[in-house]
Amino acid sequence: MSSATSTSSLPSGLAVLTTFPDVLFIPELIFGGLVWILVASSKVSEPMLQGWVMFVSVFCFVMTATLLFLYMCGAHGGSSSWVTLDVICQETAALFYLSAAVLEAYYTYTVKGFFAVPQRRSIYQENVAAVVFAFVATLLYVIHKIYSLRRWKSS
């Protein structure tokens, strides 16, 4: 394990982009943004399910971008309370994305027959891509959460 991994405080400036687990902010933003785009462009026949997935993707995207910006600006000032905030944010995002990914997978599975027509197949493929990217985002947030918990425990 590198020394960047075992630090007990949050990095600031460009060190955020080179320190694990904080470097995971970038793929979290990418995959979360893809989920957001794919859900926004898909046909909505179940507004409650799709609405939750959209809320989660937008909320987590904004939260992740805000944390990344604040860390890069050094707003935490080395305070240990920010390490706790990091754990809470990663835990919330992991749970939210897990629920959204499961709901999106359930929706995609149940409407599979409706989208079997060749004219609607691209909509189904967008939903499948949204499911895959939502589970990838979930995995990224879980990994980030685990390493944030390790940092919190050592601080």
Hits in region 12-27 (condition: closer than 12 Å to SER148 by Cα and assigned to a loop (DSSP other than H, G, I, E, B)): THR19, PHE20, PRO21
Could you tell me whether any residue of region 38-60 is under 20 Å from the mean Cα position of the chain (by Cα), β-branched (Val, Ile, Thr) and closer than 18 Å to LEU149 by Cβ? no
Residue under evaluation LEU95, criteria (1) under 17 Å from TRP152 (Cα atoms); (2) at pLDDT 90 or above, criterion not met: (1)
Filter region 44-78 down to the residues that are closer than 21 Å to PHE20 by Cβ and among the polar types (S, T, N, Q), then identify the one that is least open to solvent (accessible area, probe 1.4 Å). THR64
Mind listing whichever residues of region 79-101 are exposed (fewer than 15 other Cβ atoms within 10 Å of the Cβ) and farther than 19 Å from ILE146 by Cα? SER79
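The values are calculated or read from the model by the stated rules, or taken from the named source; none is laboratory data. These figures come from a predicted structure and were not determined experimentally. As a convention, Cβ positions derive from the backbone with ideal geometry for all residues, glycine included, and neighbour counts pool all protein chains shown. Ligands, DNA and RNA are stripped out before the accessible areas are found, and what is left, the full protein with its side chains, is counted by its heavy atoms. Shrake-Rupley method; radii C 1.70, N 1.55, O 1.52, S 1.80 Å.
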